[in-house]
């Protein structure tokens with residue numbers, strides 16, 4: 001099995017996907033679905049009292065955007081590993097862009113897994129969430 005037989009090559013990038021602009025509705029809907037009801041994400045006064053300019057998005061919402069992006073590329077059933085790290089606070093109004101690059105292709109017997117490097121960046125290009133993922137490749 002070669003890299004070309006799984007349809008991707010190391011170093012290959014994929015078309016980026018935009019999310020947003022992030023709204024209070026997006027944040028509150030995510031909070032309700034996840035059970036993370038921390039008021040720092042929806043109460044501007046509380047966030048300002050803690051030194052932030054306004055309430056801010058839930059970090060896991062950004063991780064969810066990366067997961068949605070990856071599964072659109074490779075499918076839900078092929079996920080083998082998904083990890084993220086939060087790098088920067090995201091405020092309402094921000095447009096985020098998901099990007100992925102193939103870091104490598106790992107083979108074991110007749111199975112191949114595509115290893116991805118992931119980034120979610122804000123409108124200034126700053127990374128707000130990064131991570132990695134591994135997907136079972138079609139052979």
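The values are calculated or read from the model by the stated rules, or taken from the named source; none is laboratory data. Because the structure is a prediction, the values reported are computed rather than measured. We place every Cβ from the backbone using ideal geometry, glycine too, and count neighbours over all the protein chains shown.
Here the range 35-53 is the region considered, the condition is being touching a helix residue (DSSP H, G or I) at 6+ places or on another chain (Cβ under 6 Å) and over 19 Å from residue 129 (Cβ atoms), and the residue that is surrounded by the most Cβ atoms within 10 Å (Cβ to Cβ) is 47.
Among the residues of the range 55-78, the one identified as in a loop (DSSP other than H, G, I, E, B) and surrounded by fewer than 14 Cβ atoms within 10 Å (Cβ to Cβ) is 75.
Every condition in (1) under 14 Å from the mean Cα position of the chain (by Cα); (2) surrounded by 14 or more Cβ atoms within 10 Å (Cβ to Cβ); (3) at pLDDT 95 or above is met by residue 81 except one, and the failing one is (2). Looking at the range 7-16, is at least one residue modelled with pLDDT of 95 or more and assigned to a helix (DSSP H, G or I)? No, the range 7-16 contains no residue that is modelled with pLDDT of 95 or more and assigned to a helix (DSSP H, G or I). The residue of the range 99-139 that is surrounded by the fewest Cβ atoms within 10 Å (Cβ to Cβ), among those that are in contact with a helix residue (DSSP H, G or I) (Cβ under 7 Å, 6 or more places away or on another chain) and in a loop (DSSP other than H, G, I, E, B), is 139. A search for C-beta distances below 9 Å between a residue of the range 63-81 that is on the phi > 0 side of the Ramachandran plot and any residue that is in a loop (DSSP other than H, G, I, E, B) and surrounded by fewer than 14 Cβ atoms within 10 Å (Cβ to Cβ), counting only pairs 6+ apart in sequence or on different chains, returns 75/138. Look through the range 39-54, keep the residues that are touching a strand residue (DSSP E or B) at 6+ places or on another chain (Cβ under 8 Å) and in contact (Cβ under 8 Å) with a residue 12 or more places away in the chain, and return whichever of them is farthest from residue 93 (Cα to Cα). The extreme case among them is 40.
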